Amino acid sequence: MCRKRFFGTRSTHHGMKMLNTPNTKLEILPVADAALLLKYYTDNQAHLAPWEPVRDENYLTLSNWQLMLENAQTAFEQGSEYRFVALNQDRTEVMGVCNFTGVARGAFQACYLGYSISEKYQGQGLMQEVLTAAIDYMFQTVGLNRIIANYMPANERSAGVLKKLGFEQEGYARRYLKIAGQWEDHVLTAKINE
């Protein structure tokens, strides 16, 4: 596949996997860099709020993100979750995130995908670039068969990204998740490792 030449993989100095794309570095972020992730969520709080659950007062604290990253590293080592952070090339800013959670093995070999991108980087093709590399990793390295991604019908940007990536609609779930304090319907999609 030509993608193999386009997206390189190497280990970071922390022993975690890092994927290189033309404009980003994708990492399982070390705890020492929790302030970068806190800044991402603080700067994008209003931008992300319509698409996320209501957060408690501890969410935007350094201690919360240190704990979240500690848990993400443990989950990565156990193969239960892969929470990638997309950094700019000099690792000074978080541009977006993509999380592969609920990894199921056995006969299913699947997971759920969630993602977001900084408001200032919208519309530049970066989310598609990041997800292309991360999905390739999940299929080729982790060995999954199916990645499930669900989005709210009003989220046209997300719908467009998933369609470009080859996700196919598989259903529609009423009152699927409580987002921004309201139960929201979701379009159910998946991409198969073919």
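The values are calculated or read from the model by the stated rules, or taken from the named source; none is laboratory data. Keep in mind it's a predicted model, so treat the numbers as computed, not measured. Quick reminder, even Gly has a Cβ in these numbers, built from the backbone with ideal geometry, and neighbours come from all protein chains shown. For the accessible areas, the whole protein counts, side chains as well, though only heavy atoms, and no ligand, DNA or RNA atoms are used. Shrake-Rupley method; radii C 1.70, N 1.55, O 1.52, S 1.80 Å.
Here is what passes the span test in the chain: the DSSP H helices with alpha carbon length of 15 Å or more along the helix axis and a Kyte-Doolittle mean of -0.5 or above are 62-78, 126-137. Net charge dipole, the range 50-194: roughly 300 debye, given to the nearest 20, about the Cα centre with Cβ charges of +1 for Lys and Arg and -1 for Asp and Glu.
Considering only DSSP beta bridges with both partners in the chain, what is the antiparallel share in %, to the nearest 5?
On the way: 37 of 40 bridges.
In the chain, DSSP labels about 90 percent of beta bridges as antiparallel.
Over the chain, accessible surface divided per residue gives 53 Å², non-protein components excluded, 1.4 Å probe.
For the chain, what is the convex hull (Cα atoms) projected area averaged across all directions, in square nanometres? Numbers along the way, then the final one.
Details: hull surface 43.5 nm².
Approximately 10.9 nm², given one-decimal rounding.
For E52, the residues whose amide H sits under 5 Å from its own are A180, ignoring neighbours fewer than 5 places away on the same chain, with H placed 1.01 Å from N. Only Cα sites of the range 147-194 enter the Debye sum here, all with the same form factor; the resulting log10 I(q)/I(0) across q = 0.14, 0.21, 0.25 1/Å is -0.33, -0.68, -0.89, listed in q order. Here's how it looks for L177: its modeled amide H is under 5 Å from those of E184, which are all 5 or more places away or on a different chain.
Each of the peptides 79-88, 100-109 was scored by the mean count of other Cβ atoms within 10 Å over its residues; in descending order, highest first, they stand as 79-88, 100-109.
Only helical DSSP H runs with n ≥ 4 go in: add -39500 (n - 2.57) per run for the chain, normalise by residue count and round the 222 nm mean residue ellipticity to 500 deg cm²/dmol. Could the numbers behind the result be given before it?
Details: 6 runs with 56 residues, N = 194.
Result for the chain: -8500 deg cm²/dmol, rounded to the nearest 500.
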